[in-house]
Amino acid sequence: MFRLTEGIGGVRIGSLWLLCEVERGRIVSTQWSTTWEGDESESLRALYEAVRVDGRAASPYVTLRCTSFQRRVWCAAMEIPYGSTKSYGAVAQGIGCRSAQAVGQALKQNRIYWFVPCHRIVRAKAGLGGYRPGISIKRDLLAFEACTS
């Protein structure tokens, strides 16, 4: 394991690349590769093996700049069990907030969506809601978790 303190680094997870831009030891931006190289299910499996240890979320060292509200929302997302979902409203209620939309906006700022599982937060009625890497990836992640939990 290495620690990048400045610059741009890439990590290959299965046939998917995650690029991270780091300034002064802090992650300032991330981006997944725009195309899958090979079998999607193998890429998703490798992604989850990278962030799960014995069925539990791994705890890598990550330093982020965020508001206290964003931190509360992201911590609530990390409490959602693997293979489960919660609505934006349920997350809002759980952290003492009246606005499901505010929860969605805080999740939109999550740049470490491979670690903070914001894909597990969905709309209460129809649809999945938003997801920075794209709705198709959110749908695939939820389906993958459902069949491997």
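The values are calculated or read from the model by the stated rules, or taken from the named source; none is laboratory data. None of these values were measured; they are calculated from a predicted model. Cβ coordinates were reconstructed from backbone atoms using ideal geometry, including for glycine residues, and neighbour counts include every protein chain displayed.
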Report whether or not residue 123 is within 23 Å of residue 21 (Cα to Cα), among the basic types (Lys, Arg) and in contact with a Ser or Thr (Cβ under 8 Å, 6 or more places away or on another chain).
no
So which residues in segment 50-104 are under 12 Å from residue 116 (Cα atoms), at pLDDT 85 or above and aliphatic (A, V, I, L, M), if there are any at all?
73, 76, 77, 78, 80
Can you name the residue in segment 114-130 that is without any contact (Cβ under 8 Å) to a residue 40 or more places away in the chain and under 17 Å from residue 75 (Cα atoms) and is also surrounded by the most Cβ atoms within 10 Å (Cβ to Cβ) among such residues?
119
Quick check on segment 93-146: of everything there that is part of a loop (DSSP other than H, G, I, E, B) and of a type in the set (Ser, Thr, Tyr), which residue is nearest to residue 27 (Cα to Cα)?
113
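Could you grab me the full set of residues in segment 111-136 that are touching a helix residue (DSSP H, G or I) at 6+ places or on another chain (Cβ under 8 Å) and at pLDDT 85 or above? Quick ask: steps written out before the conclusion?
Filtering segment 111-136 down to residues touching a helix residue (DSSP H, G or I) at 6+ places or on another chain (Cβ under 8 Å) leaves 113-124, 128-132.
Once the filter is applied, which keeps residues that are touching a helix residue (DSSP H, G or I) at 6+ places or on another chain (Cβ under 8 Å) and at pLDDT 85 or above, segment 111-136 yields 117, 118, 119, 120, 121, 122, 123, 124, 128, 129, 130, 131.
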